[in-house]
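Engineer: Handing you this structure, nothing more for now.
The values are calculated or read from the model by the stated rules, or taken from the named source; none is laboratory data. A quick note: this is a predicted structure, and the numbers were derived from the prediction, not measured. Neighbour counts run over all protein chains shown; Cβ positions are idealised from the backbone, glycine included. Heavy atoms of the whole protein, side chains included, go into the accessibility calculation; ligands, DNA and RNA do not. Shrake-Rupley method; radii C 1.70, N 1.55, O 1.52, S 1.80 Å.
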Amino acid sequence: MIDSSTPVTLLGSGPQGLDEQRERAVLVGVDRPHADWPLEVSLSELERLVDTAGAKVVATFTQRLAQPNPRTLIGSGKVEQIAAEVRMLGANVVVFDDELSPSQQQNLERAFDKSVKVIDRTALILDIFALHATTKEGRLQVRLAQNQYLLPRLRGMWAHLASNRMGGGVGSRFGEGESQLEVDRRMVRKRITSIRRELEHVKGVRAVQREGRLESGVFKVAIAGYTNAGKSTLLNHLADAGVYSDDKLFATLDSTTRRYVLPDGRAVTLTDTVGFIKKLPTTLVEAFRSTLDEISGADLVLQVVDGSSDEMGRHIEAVEEILDQIGASALPRVLVLNKVDALGETAVEALARRYPHGVCISARTGQGIAELLERVSLAASADEELIEVLVPYDAGEVASRAHRTCRVVSERFEEGGTRLTLFASKEQRYRFTPYLVDGDASASGASDA
Ligand SMILES: Nc1nc2c(ncn2[C@@H]2O[C@H](COP(=O)(O)OP(=O)(O)OP(=O)(O)O)[C@@H](O)[C@H]2O)c(=O)[nH]1
Ligand SMILES: [Mg+2]
């Protein structure tokens, strides 16, 4: 019996397989006028994705097209040519860089030998997510995305998966007159509903655990950015979080949160989040909603960029698009230009000139981290006000919370309790309301407290 939360993968076992066992992939890209990414850049990213998924690229085909062919995306002559090459090369998967409509995919599948899988960038990314998801929530999210992707494509490539997952013999269990396809669709819809339900449950449990573990009202910093930018390395450097980090795409999918005390004494939380990529499948964005909420619910977003990559500008644009999509574009943001240790001095200077608002850092060597932390402090202090509270001794928890979560300027033990002068955010001020001393601290002269 397979665990219902385990996602199915299309491309076998991942990169750990022996070279000769790896599936052989052929890439297909369409060269369009006015595309925002040059084709070769997009294809080299696709090749990295294929490699991460555990297959090996044996050939790449491109076609220049003003308009995509509605039936097969590329021209029918090109399809025939590729089909012949695929046979000759013994390739078993054809990966299209562009998204294929369900009918295009079906037509293409017919054009290739039966044993050849036809997939697009979206399916490939889903596959990598399936390989890398480690937590139950992550796996459920991937399964949800896979099934949503599968639903309009049931006739095509994942039909065999659909029937396998349903325990085989699907048709035999249903009355006559109902087509196999309708049955399959109904089953997939049912499965989507049940995964959603399970996800809600897991999410609820996680929220309760988090509530117990981390202080609410603490300034929340989300580390977001393109895949492979160095987000996990940054969290590990700062908080010794032990998050898996590797030179591959989508190394970490699950978010990790750590409490962190800034050099100014202020406690914040830092959260590493799932990486972005150009054309991040919308099914994944929807399915990873709860993970992505870590970003949209943050007080500050550190947008980490691989400053040593030639594609940095495009990565920034792609990330901004997704931040917009998830409703996080209006949040305060710091552009973090990472991996400057891999650049020469003049290149770092040029980078700083190109992005004057950014902070140049190396999550590997620690260079620039102090400045980054100052920027975080500055953002955290933006909505803070100096207040004065008098906490009775029998409410000791409130005083210790003040020390844990706020920047305390002074503390005096008086007859009526502990008198504290502290910087508190709006949310924290609300929680201290019962203990507020009349007037605000700045007016009553905090410095002589
Ligand atoms: N030279 C250099 N390499 C770095 C730096 N930061 C991260 N890396 C490397 O970049 C690769 C990706 O780093 P990760 O921290 O896994 O990146 P990520 O943003 O978490 O990536 P995903 O989880 O895949 O989205 C790893 O091989 C890191 O060792 C840095 O400051 N300098
Ligand atoms: Mg990571």
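Engineer: Quick one: which residues, 5+ away or cross-chain, put their amide H under 5 Å from the amide H of Thr273? H built at 1.01 Å from N.
Structural biologist: HN-HN under 5 Å from Thr273: Ile223.
Engineer: Within the accessible area of the chain, what % is carbon and sulfur when the probe is 1.4 Å and the other protein chains stay in place?
Structural biologist: The computed percentage sits at 50.
Engineer: In straight Cα distance, which aspartates and glutamates are under 15 Å from Lys231, not counting same-chain residues fewer than 8 positions off?
Structural biologist: Within reach: Asp240, Asp246, Asp247, Asp254, Asp272, Glu294, Asp306.
Engineer: Provide the gained length on full extension for the span Thr193 to Arg353, in nm with one decimal, where the gain is 0.36 nm per separating residue minus the Cα-Cα distance.
Structural biologist: Difference between extended and current length: 52.6 nm.
Engineer: Leaving out ligands and nucleic acids, and using a 1.4 Å probe, what accessible area per residue does region 312-409 come to in Å²?
Structural biologist: Heavy-atom SASA per residue in region 312-409 reads 50 Å².
Engineer: Next question. Enumerate the calculated ³J(HN,Hα) couplings along region 263-280 in order (Karplus 6.51 cos²θ - 1.76 cosθ + 1.60, θ = phi - 60°), each rounded to whole Hz, writing x wherever the residue is Gly or Pro.
Structural biologist: The phi angles translate into x, 7, x, 7, 8, 9, 10, 10, 10, 7, 10, 4, x, 9, 8, 5, 6, 4 Hz.
Engineer: List the residues whose amide H sits under 5 Å from the amide H of Val409, counting only those 5 or more places along or on another chain, with H placed 1.01 Å from N in the peptide plane.
Structural biologist: Sorted by chain and number, the residues that satisfy this are Thr421, Leu422, Phe423.
Engineer: Describe numerically, in nm with one decimal, the distance between label points set 7 Å from Cα along Cα→Cβ at Glu99 and at Val285.
Structural biologist: 0.9
Engineer: So if I place +1 on the C-beta of Lys and Arg and -1 on the C-beta of Asp and Glu, and nothing else carries charge, what would the dipole magnitude of the chain be about its Cα centre? I want it in debye, nearest 20.
Structural biologist: The calculation lands at about 1680 debye.
Engineer: Can I ask one more? Once the dipole of region 345-403 is set up with Lys and Arg at +1 and Asp and Glu at -1 on Cβ about the Cα centre, which of Ser381, Ala352, Val391 lies farthest towards its positive end?
Structural biologist: With unit charges placed on the Cβ atoms, the residue in question is Ala352.
Engineer: Using 0.36 nm per residue of separation minus the Cα-Cα distance, give me the extension gain between Glu85 and Ser44 in nm, one decimal.
Structural biologist: Length gained, Glu85 through Ser44: 12.7 nm.
Engineer: A further question on this structure: Got a sec? Which residues in region 367-393 would a label at Lys426 touch, if it sits 7 Å along Cα→Cβ and we count backbone N under 11 Å?
Structural biologist: In region 367-393, the label zone of Lys426 (backbone N under 11 Å from the point 7 Å along Cα→Cβ) covers 383-384.
Engineer: Need the C-alpha centroid separation for region 272-344 versus region 43-105, integer Å.
Structural biologist: Between the Cα centre of region 272-344 and that of region 43-105, the gap is 28 Å.
Engineer: Something else about it: Taking loop as defined by DSSP and a crowding limit of 16 other beta carbons within 10 Å, which GluC sites (Glu not before Pro) in region 37-121 fit?
Structural biologist: Answer by residue number: Glu99.
Engineer: With a 1.4 Å probe and all protein chains kept in place, how do Ser362, Ser309 rank by accessible area, largest first?
Structural biologist: Most to least solvent-accessible, the answer reads Ser309, Ser362.
Engineer: Which residue, Gln141, Thr193, Thr273, has the largest displacement toward the positive end of the dipole of the chain when charges sit on each Cβ (Lys, Arg +1; Asp, Glu -1)?
Structural biologist: Most positive-ward Cα: Thr193.
Engineer: For Lys136, Lys426, Lys278, Lys56, give me the order by solvent-accessible area with a 1.4 Å probe, most accessible first, ignoring ligands, DNA and RNA.
Structural biologist: Descending order: Lys426, Lys136, Lys56, Lys278.
Engineer: Starting at the first residue of region 24-41, write each ³J(HN,Hα) from the Karplus equation 6.51 cos²θ - 1.76 cosθ + 1.60 with θ = phi - 60°, in whole Hz, x for Gly and Pro.
Structural biologist: Using θ = phi - 60°, the values come out as 9, 10, 10, 9, 10, x, 10, 8, 10, x, 6, 5, 7, 10, x, 4, 5, 5 Hz.
Engineer: Right, next: Roughly how big is region 60-150's charge dipole about its Cα centre, with Cβ charges of +1 (Lys, Arg) and -1 (Asp, Glu), in debye to the nearest 20?
Structural biologist: For region 60-150, the charge dipole is close to 160 debye.
Engineer: Provide the gained length on full extension for the span Glu320 to Glu374, in nm with one decimal, where the gain is 0.36 nm per separating residue minus the Cα-Cα distance.
Structural biologist: Here the segment from Glu320 to Glu374 would lengthen by 17.1 nm.
Engineer: Arrange the residues Met312, Met88 by how much accessible surface each exposes, largest first, with a 1.4 angstrom probe.
Structural biologist: Descending order: Met88, Met312.
Engineer: Nearest 500 deg cm²/dmol is fine: what mean residue ellipticity at 222 nm does the chain get from its DSSP H runs of n ≥ 4 alone, each adding -39,500 (n - 2.57), divided by its residue count?
Structural biologist: The helix-only estimate for the chain comes to -13000 deg cm²/dmol at 222 nm.
Engineer: Which one, Ser410, Ser296, Ser42, has the greatest fluctuation when you compute a Gaussian network model over the chain with C-alpha springs under 10 angstrom?
Structural biologist: Ser410
Engineer: Right, here's the next one. So what does Glu198 come to for accessible area, using a 1.4 Å probe and Å² rounded to 10?
Structural biologist: Rounded to the nearest 10, that gives 50 Å².
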